[in-house]
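Encoded as structure tokens, the structure appears first; notes follow it.
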Amino acid sequence: SIALMDNKTEDSFIVRQLKKNGALILGKVNLSEWAYFLCSGCPVGYSAYGGQTLNPYGRRIFETGGSSSGSGTAVAANYAVAAVGTETSGSILSPSSQNSVVGLKPTIGLLGRSGIVPISSTLDTPGPMTKNVKDNAILLSAMLGFDEVDSASVEDNYPGILSAGLNPEPLNEIRLGAIKELMESDSIYRKTIDKLKNEGATIIEIVPPEVSLDGFLSILNIDMRNDLPSYLINYTDPNLVKIKSIEDAVAFNNNDSLVRIPYGQALFNGIVSDTTTSSELEEIKLNLEKNGRTFFNSAMDKNRLDAILSINNYHAGYAAVAKYPALTVPMGYKPSGEPISLTFIGKQFTEAKLLRIGKAYEEKFPIRMMPKDYRN
């Protein structure tokens with residue numbers, strides 16, 4: 001198998017796991033993780049180092065999604081069988097859906113994270129991006145393993161992930177929640193729900209409770225302020241990388257703003273000025289995790305749902321703070337030709353179940369098409 005790496009160092013845990021399982025690491029693709037959490041209003045898929053990533057379904061027409069844009073576009077254009085992205089909140093789901101590929105954002109702790117350039121040790125996770133569910137399950141399985149350096153890593157065998165891509169869940173045994181607001185606002189989503197119903201799936205229309213995500217940005221700000229120095233100490237050569245902190249990065253960027261920060265660095269400036277204390281941050285994390293789980297669990301528990309259906313990365317923030325997994329699978333194309341995807345969100349460590357559901361959906365509705373002028 002072939003994997004492209006998005007923002008991984010050569011000695012990262014995921015690279016070691018993939019090599020151990022026989023993967024050929026083809027190369028690294030454009031990282032816009034920092035670019036996306038650097039400036040305000042800047043285009044997704046852009047980095048000062050790699051330039052602007054283009055969506056093969058509409059070059060300079062459709063956004064690539066961020067921030068694992070290189071991974072999404074590389075798989076979509078058939079430059080690689082599979083790729084690895086990283087997500088804090090939507091950074092696998094967004095580029096996967098924008099580029100009509102299958103992307104899985106796992107439960108926090110399923111995959112090791114040591115060696116990944118951090119935004120937030122609370123929310124960051126790598127995940128597989130592929131052209132189909134079977135390949136997604138294969139790559140996810142190859143990435144599994146206990147990471148002793150990662151405090152969030154959970155030691156378990158996680159049975160059923162590898163076989164999930166070959167064993168679809170019978171549609172007449174699946175119970176799914178369809179969000180009423182999306183049913184009313186998006187015709188492709190609504191038609192997809194109707195098709196699932198016609199194939200025997202039980203669909204419950206739901207109205208998730210209104211919950212607050214106040215403090216979300218402070219998690220990213222303070223975690224990155226704390227996590228970046230640790231990453232730089234452990235994974236960079238001090239003779240080559242001179243910055244030691246966010247403040248150093250801000251100063252470095254200001255020395256050549258035209259090249260390094262053509263869209264500014266408003267979010268980095270926000271990190272420096274954020275005054276949230278450690279105790280306040282812990283309270284924010286607890287409240288957000290509780291609120292995120294309430295958003296999904298109120299309907300899932302009451303109706304015994306296997307997953308809740310969303311679109312693209314629309315509810316990525318709620319899944320992020322809940323630390324829940326999400327699988328996005330191509331759902332169709334808008335009249336303009338822009339891809340749109342159906343996203344399945346489940347409870348912690350239900351990746352195998354989500355993959356089986358995704359496989360059943362994909363098998364019954366083989367939606368994905370190669371972009372024009374790109375070869376299979």
Handout entry: Accessible area expressed per residue, the chain, with surrounding protein chains retained (probe 1.4 Å, Å²)
Key = 43
Exercise for the section: Go through 290/347; 105/334; 302/347; 195/359 and tell me which ones have a Cα-Cα distance over 18 Å in this structure. Expected result: 105/334
Completion exercise
Taking Cα atoms, the helix 133-143 axis meets the longest principal axis of the chain at an angle in degrees (rounded to 10) of 40
Practice task
Name the residues whose placed amide hydrogens come within less than 5 Å of the amide hydrogen of residue 349, ignoring near sequence neighbours (fewer than 5 apart) on the same chain.
Solution key: 107
Exercise for the section: Identify which of the listed values of P(r) over Cα pairs in 10 Å bins from 0, in percent was calculated from the structure shown: [x] 5, 22, 30, 26, 14, 4, 0; [y] 5, 23, 30, 23, 14, 5, 0; [z] 5, 25, 35, 25, 8, 1, 0. Expected result: [z]
Practice task
Calculate what fraction, in whole %, of the accessible area of region 304-368 sits on carbon and sulfur atoms when a 1.4 Å probe is rolled over the protein chains.
Solution key: 45
Fill in the blank from the handout: Descending packing, highest mean Cβ count within 10 Å first, for 254-263, 124-133 is 124-133, 254-263
Practice task
Filter the cross-link list 20/242; 180/323; 20/372; 191/353 down to pairs whose alpha-carbon distance in this structure exceeds 30 Å.
Solution key: 20/242; 20/372
Problem - Cut-off under 5 Å, modelled amide H: who pairs with residue 326 long-range - result: 105
Handout entry: Surface accessible to a 1.4 Å probe, residue 244 within the full protein complex, Å²
Key = 110
Problem - Degrees separating the helix 351-364 axis from the principal Cα axis of the chain, which is the longest one - result: 50
Problem - Restricting region 306-371 to chymotrypsin sites (Phe, Trp or Tyr not before Pro) in coil, as DSSP defines it, with at most 12 other Cβ within 10 Å - result: none
Exercise for the section: List the lysines whose Cα lies under 17 Å from the Cα of residue 19, skipping any in the same chain that are fewer than 8 positions away. Expected result: 8, 28
Exercise for the section: Only Lys, Arg, Asp and Glu count, each charged at its Cβ (+1, +1, -1, -1), so figure out the dipole size of region 83-193 about its Cα centre, rounded to 20 debye. Expected result: 480
Practice task
For the chain, find the longest principal axis of its Cα atoms and tell me its angle to the long axis of helix 216-235, 0 to 90°, nearest 10.
Solution key: 60
Handout entry: Longest DSSP-loop-exposure-free segment, GluC sites (Glu not before Pro), the chain, at most 12 other Cβ within 10 Å
Key = 211-376
Completion exercise
In a Gaussian network model of the chain with springs linking alpha carbons closer than 10 Å, the residue among 88, 277, 202 that fluctuates most is 277
Problem - For the chain, built as a Gaussian network whose Cα springs stay under 10 Å, the top-fluctuating residue of 80, 316, 137 - result: 80
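The values are calculated or read from the model by the stated rules, or taken from the named source; none is laboratory data. This is a predicted model, so every value here is computed, not measured. Cβ coordinates were reconstructed from backbone atoms using ideal geometry, including for glycine residues, and neighbour counts include every protein chain displayed. To get the accessible areas, we keep the full protein, side chains included, count just its heavy atoms, and leave off ligands, DNA and RNA. Shrake-Rupley method; radii C 1.70, N 1.55, O 1.52, S 1.80 Å.
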